[in-house]
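Take a look at the structure below.
The values are calculated or read from the model by the stated rules, or taken from the named source; none is laboratory data. For clarity, every value in this text was computed on a predicted model and none was experimentally measured. When we count neighbours, we look across all protein chains shown, and the Cβ atoms used for this are built from the backbone with ideal geometry, even at glycine. The accessibility values were calculated without ligands, DNA or RNA, using every heavy atom of the protein model including side chains. Shrake-Rupley method; radii C 1.70, N 1.55, O 1.52, S 1.80 Å.
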Amino acid sequence: MSGYQLAQVNIGVIKGPMDSPVMADFAGNLDRVNALAESMPGFVWRLQTDDGDATSIRPFENENMLVNMSVWRDIKALNDYVYRSAHVELMRRPWRRPW
């Protein structure tokens, strides 16, 4: 077992406020995606507020810029979550592009 863990960070610009119609599908799936990540073998930690998500954390001046961070035991654990779980179904949906 390695003495290291893997941190992944996503930074993106959303197309509108989290409570806007264009972000409704994204916002509606956050709890599902976060719960899935937390249930995966190798999940260690994720950035979140007391409300349980990171969408209100705005470390940049651009109010539409979101940051997401999670920590995993290793690259295999992260790869399994991203490409071998229900997460991949959400990312392949054509309606995600408007986000």
If you go through Arg46, Arg73, the only one that is open to solvent by less than 30 Å² (accessible area, probe 1.4 Å) and basic (Lys, Arg) is Arg46
Looking at the structure I just gave you, is Leu66 closer than 24 Å to Gly3 by Cα, free of Cβ contacts under 8 Å to residues at least 60 places away in the same chain and not charged (D, E, K, R)? no
Residue hits (region 31-69; over 18 Å from Leu90 (Cα atoms) and among the small types (Gly, Ala, Ser)) are Gly42, Gly52, Ala54, Ser56
- Query: Can Val22 be described as out of contact with any Cys (no Cβ under 7 Å at 6 or more places or on another chain), loosely packed, with under 11 Cβ neighbours inside 10 Å, of a type in the set (A, V, I, L, M) and modelled with pLDDT of 90 or more?
  - Reply: no
Scanning region 29-61 for residues that are free of Cβ contacts under 8 Å to residues at least 40 places away in the same chain and small (Gly, Ala, Ser) gives Ala35, Ser39, Gly42, Gly52, Ala54, Ser56
(1) polar (S, T, N, Q); (2) without any contact (Cβ under 8 Å) to a residue 60 or more places away in the chain; (3) open to solvent by 60 Å² or more (accessible area, probe 1.4 Å) all hold for Gln5 apart from (2)
From the option list Arg84, Arg58, Arg93, single residue qualifying as open to solvent by less than 80 Å² (accessible area, probe 1.4 Å), modelled with pLDDT under 95 and of a type in the set (D, E, K, R) is Arg58
